Amino acid sequence: MLLKIFIAACMMVATTGIHAGGMILAMHAFRAGEARDKQRLHRTRVYRVSGTVLIMFLASLVEMLVWAAAYLALGAIQGLERAVYFSMVTFTTLGYGDILIDGRWRLLASFEAANGIIMFGWSIAIVIAVVQRVYFSKEPGHMDR
């Protein structure tokens, strides 16, 4: 059991690093767009928020692929498509149950679900921060609602 907890902790550190990278990329892209687009229309705001959502989604997708790779490496699930599908269903806490992990590794699936909840919460916080900055900031160059 300690081995499984250690593996899950390593996976959580890896996904946190990926998510931090996604956040940095999203914030960098946002700031670059903000500097260029201070005088643009409402449409630019939508693009900045949408871009942030897309970057954070892609970070989550990479995280799910990392979990799938771990399942494959451990022999917990056979087949790339099955591993990716299982990881996505688990990371999002959808949990269909139509594909099952090898019973020896099922504890990892619980950690992946917890990891997914944390990462999606973090993504939501980033998107809300961007929305607040784009739509509600009183800084020069920002339009009121």
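Condition test on Leu2, is it hydrophobic (A, V, I, L, M, F, W, C), more than 20 Å from the chain's Cα centre (by Cα) and modelled with pLDDT under 95?
The answer is yes for Leu2.
Mind listing whichever residues of the range 51-83 are under 23 Å from Ile124 (Cα atoms) and among the β-branched types (Val, Ile, Thr)?
Of everything in the range 51-83, those that are under 23 Å from Ile124 (Cα atoms) and among the β-branched types (Val, Ile, Thr) turn out to be Thr52, Val53, Ile55, Val62, Val66.
Please specify each residue of the range 98-129 satisfying the condition of being outside any helix (DSSP H, G or I) and either exposed (fewer than 13 other Cβ atoms within 10 Å of the Cβ) or within 12 Å of the chain's Cα centre (by Cα) (or both).
Selection gives Asp98, Leu100.
Hey, could you check the range 43-97 for residues that are hydrophobic (A, V, I, L, M, F, W, C) and part of a loop (DSSP other than H, G, I, E, B) and say which is surrounded by the fewest Cβ atoms within 10 Å (Cβ to Cβ)?
Leu94
Can you name every residue in the range 64-109 that is modelled with pLDDT under 95, hydroxyl-bearing (Ser, Thr, Tyr) and within 26 Å of Leu2 (Cβ to Cβ)?
Thr93, the sole residue that qualifies.
The values are calculated or read from the model by the stated rules, or taken from the named source; none is laboratory data. Here the structure is a predicted model, which means the values were calculated and not measured. A quick note on method: Cβ atoms are made from the backbone with ideal geometry, for glycine too, and the neighbour counts reach across all protein chains shown.
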